[in-house]
Amino acid sequence: MSYSKKPIVGIIMGSSSDSRIMKEAAEILDQFQVKHEDQIVSAHRTPARLSEYAQHAEKMGFKVIIAGAGGAAHLPGMIASHTIVPVIGVPILVYNDKQARKTGNTKFSAFGGLDSLLSISEMPTGSPVVAVGINKSANAGIYAMKILANEFPALKTKLKKQKITQHKSVIKESDELKKHGLSKFVEKKFK
Ligand code: RP5
């Protein structure tokens, strides 16, 4: 089943460079059949589009926005300043790597993603953004569903089931570890 006919989560990112990280948020939402709309909105290259997007998000009735950005990462905070829809920010480490396949040069954030994490989490009082860990867009997807679960009981049930599954998988691995001992466990699992 799906919770709505229309998308209820907006996923945005500052650049196509962010898409490989941001797709994990989309995959989690897909897994739980939560509809989302995905777009690229650059805070510095398309500033007017940024405010238009905030209006679009409200018009569409999005209940959460997941916004990923690297470097100075002003997209999540700026979106939050334009709307009351809650924003979950994803700080992105790898960026500017569009030329990587041609040149072999991948540019990484000079500060290892910490720049983006601080930009997102240190929004001044009044325009809060919740920040997940660097590149942890899957967590943004899960967090979005936790917010949505307040409204959709079926989603709450699914999230609870997922917790049980997580619990069982750790117990299963621990039993294997106990049975085989550490050396054999590592050999079986990682070689
Ligand atoms: C940020 O700058 C984007 O979110 C991206 O992570 C980074 C580089 O963007 P591109 O130069 O690849 O467009 O705004």
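So, in nm, how far is label PHE190 from label GLN39 when the simple model puts each one 7 Å beyond its Cα toward the Cβ?
That separation, rounded to one decimal, is 4.4 nm.
Could you put LYS179, LYS189 in order of accessible surface area, largest first, with the 1.4 Å probe and the full protein assembly present?
Accessible-area ranking of LYS179, LYS189, largest first: LYS179, LYS189.
For GLY89, which sequence-distant residues (separation of 5 or more, or a different chain) have an amide H within less than 5 Å of its own amide H, given hydrogens modelled in the peptide plane?
When sequence neighbours closer than 5 places are left aside, the close amide H contacts are ALA67, VAL130, ALA131, VAL132.
At R0 = 22 Å, how high is the FRET efficiency between THR46 and LYS6 if r is their beta carbon distance? Nearest 0.05 is fine.
FRET efficiency, THR46 to LYS6: 0.40.
On a full-extension model of 0.36 nm per residue, what is the gain between LYS23 and VAL170, subtracting their alpha-carbon distance, rounded to one decimal in nm?
So the chain would gain 50.3 nm between LYS23 and VAL170.
How much solvent-accessible surface does SER81 expose, in Å² to the nearest 10, with a 1.4 Å probe and all protein chains in place?
That residue has around 60 Å² of solvent-accessible surface.
Mind checking the per residue accessible area of region 9-151 for me, 1.4 Å probe, whole number of Å²?
Per-residue value: 49 Å².
Report the gain in length on full extension from LYS146 to PHE111: 0.36 nm times residue separation, minus Cα-Cα distance, nm rounded to one decimal.
Roughly 9.5 nm would be gained on extension.
Below 8 Å, C-alpha to C-alpha, sequence gap of six or more: please give me the relative contact order for region 9-151 in percent.
Averaging sequence separation for qualifying contacts and normalising by length gives 28 percent for region 9-151.
Carbon and sulfur atoms: what percent of the 1.4 Å accessible area of the chain do they account for?
About 58 percent, which is the carbon plus sulfur part of the accessible surface.
Under 15 Å from the Cβ of ILE134, count the other residues' Cβ atoms, weight Lys and Arg +1, Asp and Glu -1, and hand me the total.
Its environment carries a net charge of -2.
Need one number: the % of Cα-Cα pairs in the chain sitting beyond the 24 Å mark.
46 percent
The values are calculated or read from the model by the stated rules, or taken from the named source; none is laboratory data. The structure presented is a predicted model; accordingly, all values stated were derived computationally and were not measured. Counting neighbours? That spans all protein chains shown, and the Cβs are built from the backbone with ideal geometry, glycine included. Protein only, heavy atoms only, side chains kept; ligands, DNA and RNA dropped before computing areas. Shrake-Rupley method; radii C 1.70, N 1.55, O 1.52, S 1.80 Å.
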